[in-house]
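S.K.: I am attaching a structure below and will ask some questions about it afterwards.
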Amino acid sequence: MSGVWKGWLKRKFAAICAPSNSLVVEGRRGAPRRRVVVVAAGFLAVYAAMSGRLVHLGMQSPPESGGPAVRPTASRPDIVDRNGALLATDIKMSSLFAEPRRIVDADEVIERLSTVLADLDVEDTYAKLKSGKGFVWLRRQLTPRQQGDIMALGLPGIGFRTEKRRFYPGGPVASYIVGLTNLDNRGISGLEKYIDDQGLADLQQLGMATAASLAPVKLSVDLRVQHIVRDEALQAMTRFRAIAAGAVVINAKTGEVVAMASVPDFDPNDPFDAQSPDKLNRMSAGLYEMGSTIKSFTTAMALDSGKVDLNSTFDASQPLRIGRQVIRDFRGKGRVLTLPEVFLYSSNIGSAREADVVGIEGHREFLKRLGLLDRTRTQLPEVAQPTEPRIWKKVHSITAAFGHGFSTTPLQTAVGVVALMNGGRLMPPTFLPRGLQEALAVSEQVVKDKTSRDMRYIYKLNGEKGSGRSAAVPGYRVGGKTGTAEKVVNGRYSKDRNFNAFVAALPMDDPQFVILTIVDEPKRENSERAATAGFSAGPMAANIIRRAAPMLGVLPKFDVEIAAENISIE
């Protein structure tokens, strides 16, 4: 209290306590004493109230200097591969904010911040600092060094908030599978987006998604095999000067995607170019005419119809004319071919005649049954919708028989081949672990078991005597089919641009895995001529098998022969 108030109280107290000169009745002698007690009690009450308020204020946390209400960045679960290897996790980062109302000289603040943040947008930052708002973000997710350097500047009205940022230990190795999050740690692509769509986003909004409450999400992907697949795709793209390459490895018994890569790709830790036109997951989001790999389904369709068998023959001695279209073979034999020979020599004419046996409606129905005309059902959001003729005519059926006239994704093609190899069961591909019983529960019988046995024989035969030899790996009994498709440029098929694919299965006595590789617009070494699938995609598949098969539990055997029907092949 001030000296003035103290003096006044002292005088007042003395006046009250001084004896009166007048006569006082004996009954009123206690009144002055009561007044003293009342006044003293009043002062004690005032002092008590003031003391209580001071104690209350002292126990309160000091308000933060500006900024929005504290709202931690949403937590996310770790993502791990099938063996527990870390693919994605949260780390803490500091973000820079400003309180424009406390900024005295915006120009000075910008000038000094620019010494640390060389790429600072001066005009945008100036507009934010002069906005008069209580809070604005200046830079999200600083490095520790940047934060320390800015703190050393000692700028009033500048502060930091701790946020969570997604970190991907493998960098670009599985970028298209794992996906990305935005600055608010929300999934925007890949499995990150799928996890949000399954309820994580709702938990985050309710404040129930804490780091301690979120169990890791395990994928079906094997990071070791994923690394091999991506490495081989990069090598193929470089060696053949291609615009892109990719591959997928699928468990033929469960439909689990063990590895899938597409290059060019991006680093999710620094995704500045993730939206570039060439950054496309070509395995699931790219649509292509898959060329002669589609003959796998044409042959299976003919066999499954029951109208032909492995001993049936087809006349491929002359080109086939359908309206204006003339169907020819590349290096054809010019004679009647057996059904296995049609596949072995990749005869367009023979494949067209196989389709003709089934008919237009039956052909489209079979492709749809194998999932080649519908969008693939899987966890990955980036999946393209196949294209097909609006109305199927005979010419469409004939050209579709050898992989022209409709487009699908490489992933869908591999999934269809899985059904041809595993006894005829089509199952949606999954990037999450799936057991055998669950696989049977979600699968559908799409071809007869005998058709599957016949196709395994034909794949084995082509792996030994046909174009599949380019993917041969000693001891691994690999079967497969090449596909060299001319790309459409300005409405016409180009002789200089190929889309190459190879689909392989192993081991052929009981296929455990299906592998599909692609090389987009490859060129021969030291030449501008387009390379074929047997020259590019086939060897790429062989390299993946050679390096990854032991990790997949497939061991080489050199003394086992696969029993097959006795069919002579020239």
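The values are calculated or read from the model by the stated rules, or taken from the named source; none is laboratory data. Treat the numbers as computed from the prediction; the structure is a model and nothing was measured. Because the Cβ atoms are built from the backbone with ideal geometry, glycine has one as well, and the counts that use them run over all protein chains shown. The accessibility values were calculated without ligands, DNA or RNA, using every heavy atom of the protein model including side chains. Shrake-Rupley method; radii C 1.70, N 1.55, O 1.52, S 1.80 Å.
S.K.: Give the residue, chosen from Gly207, Gly199, that is at pLDDT below 80 and part of a helix (DSSP H, G or I).
M.R.: Answer to the selection: Gly199.
S.K.: Give me the pairs: first residue in the range 436-448 and touching a residue at least 60 places away in the same chain (Cβ under 8 Å) and within 27 Å of Ala302 (Cα to Cα), second residue surrounded by 15 or more Cβ atoms within 10 Å (Cβ to Cβ) and hydroxyl-bearing (Ser, Thr, Tyr), beta-carbon distance under 6 Å, and six or more apart or on different chains, which are they?
M.R.: Ala439/Thr254
S.K.: List the pairs whose first member sits in the range 272-285 and is closer than 16 Å to Ala384 by Cα, whose second member is part of a loop (DSSP other than H, G, I, E, B) and open to solvent by 40 Å² or more (accessible area, probe 1.4 Å), and whose Cβ atoms are under 6 Å apart, counting only residues at least 6 apart or on separate chains?
M.R.: If the second residue must be part of a loop (DSSP other than H, G, I, E, B) and open to solvent by 40 Å² or more (accessible area, probe 1.4 Å), the pairs left are Asn281/Glu382; Ser284/Glu382; Ala285/Glu382.
S.K.: Something else about it: How many residues does the range 422-445 hold that are more than 22 Å from Val383 (Cα to Cα) and outside any strand (DSSP E or B)?
M.R.: Of the residues in that region, 9 qualify.
S.K.: Taking strands (runs of 3 or more DSSP E) that do not extend beyond the range 317-379, which have at least 1 residues that are out of contact with any Gly (no Cβ under 6 Å at 6 or more places or on another chain) and within 19 Å of Lys393 (Cα to Cα)? Quick ask: steps written out before the conclusion?
M.R.: Numbers: elements: 320-322, 325-327, 336-338.
Output list reads 320-322, 325-327.
S.K.: Identify the residue in the range 100-121 that is open to solvent by 70 Å² or more (accessible area, probe 1.4 Å) and under 35 Å from the mean Cα position of the chain (by Cα) and, among all such residues, is nearest to Asp270 (Cα to Cα).
M.R.: Asp119
S.K.: Further question: Inspect all residues belonging to the range 91-99 and state whether any of them is part of a loop (DSSP other than H, G, I, E, B), surrounded by fewer than 20 Cβ atoms within 10 Å (Cβ to Cβ) and among the hydroxyl-bearing types (Ser, Thr, Tyr). Before the answer, list the steps.
M.R.: In the first step, residues of the range 91-99 are kept if they are part of a loop (DSSP other than H, G, I, E, B); the result is 99.
Within this subset, residues satisfying the condition of being surrounded by fewer than 20 Cβ atoms within 10 Å (Cβ to Cβ) are 99.
From what's left, among the hydroxyl-bearing types (Ser, Thr, Tyr): none.
So far as the range 91-99 goes, no, none of its residues is part of a loop (DSSP other than H, G, I, E, B), surrounded by fewer than 20 Cβ atoms within 10 Å (Cβ to Cβ) and among the hydroxyl-bearing types (Ser, Thr, Tyr).
S.K.: Counting just the residues of the range 167-183 that are of a type in the set (Ser, Thr, Tyr) and open to solvent by 10 Å² or more (accessible area, probe 1.4 Å), which one comes out nearest to Gln379 (Cα to Cα)?
M.R.: Tyr176
S.K.: Another question, then. For the range 287-294, check the following and say yes or no: at least one residue is open to solvent by 10 Å² or more (accessible area, probe 1.4 Å), at pLDDT 95 or above, outside any strand (DSSP E or B) and out of contact with any helix residue (DSSP H, G or I) (no Cβ under 9 Å at 6 or more places or on another chain).
M.R.: Yes, because at least one residue in the range 287-294 is open to solvent by 10 Å² or more (accessible area, probe 1.4 Å), at pLDDT 95 or above, outside any strand (DSSP E or B) and out of contact with any helix residue (DSSP H, G or I) (no Cβ under 9 Å at 6 or more places or on another chain).
S.K.: Could you tell me which of the residues Ala274, Ala247 is out of contact with any Lys or Arg (no Cβ under 8 Å at 6 or more places or on another chain) and within 29 Å of Leu461 (Cβ to Cβ)?
M.R.: Only one candidate qualifies: Ala247.
S.K.: Suppose we filter the range 122-166 for residues that are open to solvent by less than 30 Å² (accessible area, probe 1.4 Å) and of a type in the set (Ser, Thr, Tyr); how many remain?
M.R.: Total satisfying the criteria: 1.
S.K.: Another one. Can you tell me which residues in the range 372-410 are of a type in the set (Ser, Thr, Tyr) and open to solvent by less than 10 Å² (accessible area, probe 1.4 Å)?
M.R.: Passing the criteria: Ser397, Thr408, Thr409.
S.K.: Give the residues of the range 444-453 that are closer than 18 Å to Ala414 by Cα and in contact with a helix residue (DSSP H, G or I) (Cβ under 8 Å, 6 or more places away or on another chain), sorted by residue number.
M.R.: Filtering the range 444-453 down to residues closer than 18 Å to Ala414 by Cα leaves 444-447, 451-453.
Of everything in the range 444-453, those that are closer than 18 Å to Ala414 by Cα and in contact with a helix residue (DSSP H, G or I) (Cβ under 8 Å, 6 or more places away or on another chain) turn out to be Val446, Val447, Thr451, Ser452.
S.K.: Only one of Val221, Val249, Val225 is under 30 Å from Leu440 (Cβ atoms), modelled with pLDDT of 95 or more and in a loop (DSSP other than H, G, I, E, B). Can you tell me which?
M.R.: Val221
S.K.: If you go through the range 524-539 one residue at a time, how many are open to solvent by 10 Å² or more (accessible area, probe 1.4 Å) and at pLDDT below 95?
M.R.: Here the count works out to 10.
S.K.: Another question, if that's okay. Looking only at the range 488-514, count how many residues are farther than 25 Å from Gly423 by Cβ and either crowded, with 17+ Cβ neighbours inside 10 Å or among the acidic types (Asp, Glu) (or both).
M.R.: Result for the range 488-514: 5.
S.K.: How many residues, within the range 71-90, are touching a Lys or Arg at 6+ places or on another chain (Cβ under 9 Å), assigned to a loop (DSSP other than H, G, I, E, B) and not hydroxyl-bearing (Ser, Thr, Tyr)?
M.R.: Going through the range 71-90 one residue at a time, the tally reaches 8.
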